[in-house]
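Below are the structure tokens for one structure; questions will follow.
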Amino acid sequence: MMIMERMSVEEKEAEIGRLKQLKLEEKKLNKLKSIQTQICLVRMDMRIKSSLRADSEKADIDRCCRLMEDLNKLTVTQQNLFMAPEIVETMRKCRKYKNSELVCKLANECYTKMMELFPAAQPGETFATIFDKLRDKYLQENADEVKRERSLAHRLIKAALAYSPTNVVS
């Protein structure tokens, strides 16, 4: 703070502008990381579901367990789960998977980690009801932001799908 006192007015304004720009860039970077996490959650959800097909002979338990281990290591927020709620439901269902105790155990660990992000349930309430209430409230309060975020996510997915290493011109 002593340094700011010695600066001229123009230098102070320039420094304030620079700090504002840094803060804006950090906010954009955090938003991008959040969207990347949401995309990762959606991909994991699809891959877990596909690895646990209804036909138990075709189920890829090892792949499913690796995905769940990765999911458990992933840092997620309430907002990430609100934007990718399918993964919560998938983990809830996988806790009851009959063909592998390991899948049940890992799904339970993931589900518990997700539950810890939310307030404890009151008597008579389940995590699912709390999650749904808070998600609905979040989506209503942040409708414009959610719309912008989904639009950006769609553009990122399109760009990722359009990019192929074979299309690169050398």
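The values are calculated or read from the model by the stated rules, or taken from the named source; none is laboratory data. Given the structure is predicted, the values throughout are model-derived calculations rather than measurements. All Cβ positions, even for glycine, are placed from backbone atoms using ideal geometry, and neighbour counts span all protein chains on display. Remember, those area values only see protein heavy atoms, side chains included, never the ligands or the DNA or RNA. Shrake-Rupley method; radii C 1.70, N 1.55, O 1.52, S 1.80 Å.
List the trypsin sites (Lys or Arg not before Pro) within segment 98-134 that DSSP assigns to loop and that have no more than 11 neighbouring Cβ atoms inside 10 Å.
Counting only loop positions with at most 11 other Cβ atoms within 10 Å, the trypsin sites (Lys or Arg not before Pro) in segment 98-134 are LYS98.
Oh, and also: Any chance you could get the radius of gyration and Dmax over the Cα atoms of segment 1-90, in Å?
22.3, 74
A further question follows. Mind checking segment 87-164 for GluC sites (Glu not before Pro) that DSSP puts in a loop (not H, G, I, E or B) and that have at most 13 other Cβ atoms within 10 Å?
GLU116, GLU125
Across every pair of different alpha-carbon atoms, what Kirkwood hydrodynamic radius in Å does the chain reach?
One over the average 1/r among Cα pairs gives 19.2 Å for the chain.
I want to make sure I understand the PRE zone here: with the label point 7 angstrom from the Cα of LYS93 toward its beta carbon, which residues in segment 14-52 have backbone N atoms less than 12 Å away?
Correct set: 45-52.
Relative to the first principal axis of the alpha-carbon coordinates of the chain, what is the inclination of helix 9-51, with its axis defined by its Cα atoms, in degrees from 0 to 90 and to the nearest 10?
10 degrees
Using the Cβ atoms and a cut-off under 13 Å, what net charge is assigned to the surroundings of GLU69, where Lys and Arg are +1 and Asp and Glu are -1?
The answer is +3.
How much accessible area per residue does segment 20-103 have, counting only protein heavy atoms and a probe of 1.4 Å, in square angstrom?
64 Å²
On full extension of the chain, what length is gained from GLU57 through ALA128, given 0.36 nm per residue of separation minus the C-alpha to C-alpha distance? Let's see the in-between values first.
Details: separation 71, 0.36 × 71 = 25.56 nm, distance 3.09 nm.
In short, 22.5 nm is gained.
Of MET115, CYS64, CYS40, which is farthest along the charge dipole of the chain in the positive direction, counting Lys and Arg as +1 and Asp and Glu as -1 at C-beta?
The residue sitting most towards the positive pole is CYS64.
For the chain, take the longest principal axis of its alpha carbons; what is the angle in degrees between that and the long axis of helix 61-73, to the nearest 10 within 0 to 90?
Tilt of helix 61-73: around 30 degrees.
Summing +1 for each Lys or Arg and -1 for each Asp or Glu, what net charge is found among the other residues whose Cβ lies under 10 Å from the Cβ of ASP45? Could you put the intermediate results ahead of the total?
Details: positive: ARG43, ARG47, LYS49; negative: GLU86, GLU89.
The answer is +1.
Mind checking the full-extension length gain between LYS23 and LYS137? Use 0.36 nm per residue of separation minus the Cα-Cα distance, one decimal, nm.
38.3 nm
Quote the charge dipole size of the chain about the Cα centre in Debye, to the nearest 20; the model charges only the Cβ of Lys and Arg (+1) and of Asp and Glu (-1).
440 debye
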